[in-house]
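Structure first, commentary second.
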Amino acid sequence: MDEEYDVIVLGTGLTECILSGIMSVNGKKVLHMDRNPYYGGESSSITPLEELYKRFQLLEGPPETMGRGRDWNVDLIPKFLMANGQLVKMLLYTEVTRYLDFKVVEGSFVYKGGKIYKVPSTETEALASNLMGMFEKRRFRKFLVFVANFDENDPKTFEGVDPQNTSMRDVYRKFDLGQDVIDFTGHALALYRTDDYLDQPCLETINRIKLYSESLARYGKSPYLYPLYGLGELPQGFARLSAIYGGTYMLNKPVDDIIMENGKVVGVKSEGEVARCKQLICDPSYVPNRVRKAGQVIRIICILSHPIKNTNDANSCQIIIPQNQVNRKSDIYVCMISYAHNVAAQGKYIAIASTTVETTDPEREVEPALELLEPIDQKFVAISDLYEPIDDGSESQVFCSCSYDATTHFETTCNDIKDIYKRMAGSAFDFENMKRKQNDVFGEADQ
């Protein structure tokens with residue numbers, strides 16, 4: 001370990017593993033360490049089930065009705081991949097897709113007045129949906145056509161909307177859309193967590209709705225994908241990529257000290273040895289003095305023996321409860337997957353309800369979601385602090401990632417990855433930087 005590296009990475013969360021993969025592909029000498037004996041850090045999948053019970057101090061362990069412990073892979077942080085989103089692009093460019101199998105999530109639902117409805121995402125579905133009255137449907141259809149044709153480089157498609165100045169509130173007004181439709185458009189299609197977006201320029205929202213529609217167009221049932229065997233497979237896939245390009249991995253490796261000289265990182269000390277480096281990437285848990293708390297997220301993992309009611313017995317789905325419907329500032333989300341994804345025993349379902357904490361009684365905040373899941377066999381409640389770095393790392397060359405937020409997809413995580421890359425490399429992130437070199441020795445060509 002007493003060596004010189006270009007980059008040392010601490011923690012094997014998804015953000016850290018993708019960055020170490022990119023750095024390795026770009027010819028950097030990388031050392032990747034984690035104090036835990038497993039991959040994934042905060043974003044790991046826990047297996048066997050006994051381990052999850054231990055982690056939440058449920059000492060009696062799982063009952064026999066839960067089946068074999070090793071059939072379970074339970075995500076600590078629930079997220080799906082947008083089929084046309086940035087993480088899928090990263091997986092394709094790096095060819096990490098060869099290590100993973102994905103399934104399309106069966107449906108996306110939205111909560112209105114105590115009931116759940118399928119999110120209408122095509123014109124046909126919109127016209128058949130019970131969410132809107134007949135005239136509203138026509139107006140919504142017009143709005144969807146406007147968004148689909150919108151091209152920020154072609155003013156002919158603007159229809160009097162200025163992408164940089166017209167607020168989204170004004171766009172909704174232009175199409176005369178009612179509050180319920182605005183709720184599900186902003187929260188279930190554009191996937192905003194709060195209503196702050198309404199008074200910002202509309203371009204970002206239009207692009208988000210386009211991403212949703214294009215993702216949906218790829219597979220039809222929903223715009224989301226989920227990896228078999230759980231999200232813990234994602235960091236491991238990128239770790240393999242890094243290793244193929246010469247990255248060194250050490251799990252179960254305590255980090256005793258990050259060594260600084262003149263305000264700049266020069267190495268990491270572990271078990272009496274020092275590995276030297278020019279740059280350091282880490283998650284917030286390794287540098288508590290370089291991060292600030294930016295809020296909290298509550299996530300409740302629920303094990304069920306039945307699909308969620310009113311979802312057509314889907315074996316995977318997402319439910320969005322827009323904040324307006326339950327008098328909150330931020331949305332409540334439910335991600336549900338099951339034995340069909342090799343993450344639970346036969347006939348079992350895992351639903352994870354999550355939201356940004358707003359009060360001193362977080363469990364009560366997610367009650368509307370839990371009511372949709374009844375009866376629940378077992379609950380595991382986690383309240384996590386969200387951290388963000390206090391500086392950009394330009395002086396210290398210590399680049400810290402942000403905690404995983406309450407969103408149900410990886411777009412914000414990918415933005416963090418691109419941002420850290422830009423600060424480290426001094427140039428904007430380009431997906432081309434992730435491409436495997438065509439003449440390299442994969443050592444896997446025959447697979």
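The values are calculated or read from the model by the stated rules, or taken from the named source; none is laboratory data. Note that the structure is predicted; figures quoted are calculated from it, not measured. As a convention, Cβ positions derive from the backbone with ideal geometry for all residues, glycine included, and neighbour counts pool all protein chains shown. Just the protein is used for accessible areas: all its heavy atoms, side chains included, with ligands, DNA and RNA removed. Shrake-Rupley method; radii C 1.70, N 1.55, O 1.52, S 1.80 Å.
Treat every Asp and Glu Cβ in segment 83-229 as -1 and every Lys and Arg Cβ as +1, leave all other atoms uncharged, and give the resulting dipole magnitude about the Cα centre to the nearest 20 debye. It would help to have the intermediate numbers written out before the result.
Numbers: 20 positive and 20 negative charges, 103 e Å.
For segment 83-229, the charge dipole is close to 500 debye.
Let a ≥ b ≥ c be the square roots of the eigenvalues of the Cα gyration tensor of segment 18-129; is it rounded (a/c under 1.5), or, if not, prolate (a/b larger than b/c) or oblate? Write down the numbers at each step before the final one.
Details: a/c = 2.64, a/b = 1.14, b/c = 2.33.
Oblate, because a/c is 1.5 or more while a/b does not exceed b/c.
Quick one: putting +1 on the C-beta of Lys and Arg, -1 on the C-beta of Asp and Glu, what dipole do you get for the chain around its Cα centre, in Debye to the nearest 20? Each step should come with its number before you reach the end.
Numbers: 50 positive and 64 negative charges, 183 e Å.
The calculation lands at about 880 debye.
Please compute the Kirkwood hydrodynamic radius over segment 363-424, one decimal place, Å, based on all pairs of different Cα atoms.
Values: mean 1/r = 0.0682 Å⁻¹.
About 14.7 Å for segment 363-424.
If packing is taken as the average count of other Cβ atoms within 10 Å, what order do 240-246, 76-82, 147-153, 8-14 fall into, highest mean first? Mind showing how you got there, number by number?
Values: 240-246: 19.1, 76-82: 24.9, 147-153: 13.9, 8-14: 28.3.
Highest-to-lowest ranking by the protection proxy: 8-14, 76-82, 240-246, 147-153.
Could you work out the local net charge near M132, counting Lys and Arg as +1, Asp and Glu as -1, over the other residues with Cβ closer than 13 Å to its Cβ? If you can, show how the numbers build up before the last one.
Details: positive: K112, K118, K137, R138, R139, R141, K142; negative: E123, E125, E136, D176, D180, D183.
For residues surrounding M132, the net value is +1.
Using the Cα centre of the chain as origin and beta-carbon charges of +1 (Lys, Arg) and -1 (Asp, Glu), tell me which of L241, T194, G267 is placed farthest towards the positive end of the dipole.
T194
Based solely on its DSSP helices, what 222 nm [θ] is calculated for the chain when runs of n ≥ 4 H residues each add -39,500 (n - 2.57) and the sum is averaged over all residues, nearest 500 deg cm²/dmol? Show your work: numbers first, answer last.
Numbers: 12 runs with 118 residues, N = 447.
The helix-only estimate for the chain comes to -7500 deg cm²/dmol at 222 nm.
Which residue, chosen from M66, Q346, I8, occupies the Cα position most advanced towards the positive end of the dipole of the chain, where the dipole is computed from +1 (Lys, Arg) and -1 (Asp, Glu) charges on Cβ about the Cα centre?
Q346
Mind listing the phi-derived Karplus ³J(HN,Hα) values for segment 82-92, rounded to whole Hz, using 6.51, -1.76 and 1.60 with θ = phi - 60°, and x for any glycine or proline?
6, 4, 10, x, 6, 5, 5, 4, 4, 5, 6
Kirkwood hydrodynamic radius (Cα pairs, Å) of segment 239-397? Write down the numbers at each step before the final one.
Details: mean 1/r = 0.0521 Å⁻¹.
About 19.2 Å for segment 239-397.
So, for the chain, what is the accessible surface per residue at a probe of 1.4 Å, expressed in square angstrom?
Values: 19300 Å² over 447 residues.
Per residue, the chain has an accessible area of 43 Å².
State, to one decimal in nm, how far the label point of D257 lies from the label point of N36, with both points 7 Å from Cα in the Cβ direction.
Roughly 2.7 nm, to one decimal.
For V266 and A340, FRET efficiency with R0 = 60 Å and r from the beta-carbon atoms, rounded to 0.05? It would help to have the intermediate numbers written out before the result.
Numbers: r = 49 Å, r/R0 = 0.82.
Calculated value: 0.75.
Could I have the simple spin-label model distance between N312 and D2, label points 7 Å from Cα toward Cβ, reported in nm to one decimal?
Computed distance between label sites N312 and D2 equals 6.5 nm.
Considering the options L127, N415, G178, tell which one lies farthest towards the positive end of the dipole of the chain, charges being +1 on Lys and Arg and -1 on Asp and Glu at the Cβ, about the Cα centre.
It is L127.
Using a 10 Å cut-off on Cβ atoms, rank the peptides 355-368, 212-225 from the highest mean neighbour count down. All intermediate terms of the calculation are to be shown ahead of the outcome.
Working: 355-368: 15.9, 212-225: 19.7.
So the peptides 355-368, 212-225, ranked by packing, come out 212-225, 355-368.
Could you give the Stokes-Einstein D for segment 132-215 in µm² per second, using the C-alpha Kirkwood radius, 25 °C, 0.890 mPa s? It would help to have the intermediate numbers written out before the result.
Values: Rh = 12.8 Å.
My calculation gives 191 µm²/s for D.
Is the shape of segment 316-447 best called rounded, prolate or oblate, per the rule: a/c under 1.5 gives rounded, else a/b larger than b/c gives prolate, else oblate, with a ≥ b ≥ c the square roots of the Cα gyration tensor eigenvalues? List each step's numbers first, then the result.
On the way: a/c = 2.85, a/b = 1.44, b/c = 1.99.
Oblate, since a/c reaches 1.5 and b/c is not below a/b.
Could you please state how large a percent of the accessible area of segment 101-246 is carbon and sulfur, counting protein chains only and using a 1.4 Å probe? Could you put the intermediate results ahead of the total?
Working: 3150 of 6700 Å².
Within segment 101-246, the accessible surface is 47 percent carbon and sulfur.
Could you work out the relative contact order of the chain, using alpha carbon pairs under 8 angstrom and six or more residues apart, expressed as a whole percent?
Values: 898 pairs, mean separation 109.5, N = 447.
Reported as a whole number, the value is 25 percent.
In whole Å, largest first, what are the principal axis extents of the Cα atoms in the chain?
The principal-axis extents, from largest down, are 71, 60, 51 Å.
Let me make sure I get this right: for segment 302-373, a, b and c are the square roots of the gyration tensor eigenvalues over alpha carbons, sorted descending. Under 1.5 in a/c it's rounded, otherwise prolate if a/b > b/c, else oblate. Which is it? Please list the in-between numbers first.
On the way: a/c = 2.65, a/b = 2.04, b/c = 1.30.
Prolate, since a/c reaches 1.5 and a/b exceeds b/c.
Could you check what % of the DSSP bridge pairs in the chain are antiparallel, to the nearest 5? Spell out each step's value before the answer.
On the way: 53 of 73 bridges.
Once the DSSP bridges in the chain are tallied, antiparallel ones form about 75 percent.
Any idea what the relative contact order of segment 108-192 is, in percent, if you count C-alpha pairs under 8 Å spaced at least 6 apart? Don't jump to the answer; show the numbers that get you there.
Values: 58 pairs, mean separation 25.9, N = 85.
After rounding, I find 31 percent.
Which number do you get for Rg(Cα) / (2.2 N^0.38 Å) in segment 332-384? Walk me through the numbers on the way to the answer.
Numbers: Rg = 12.2 Å, N = 53, 2.2 N^0.38 = 9.9 Å.
So the Cα radius of gyration is 1.23 times the expected 2.2 N^0.38 Å.
Compare the peptides 313-322, 371-380 by average per-residue count of other Cβ atoms within 10 angstrom and give them in order, highest first.
313-322, 371-380
Out of the total accessible area of segment 257-390 (probe 1.4 Å, heavy atoms of protein only), what percent is carbon and sulfur?
Numbers: 2390 of 5540 Å².
Accessible surface attributable to carbon and sulfur in segment 257-390 totals 43 percent.
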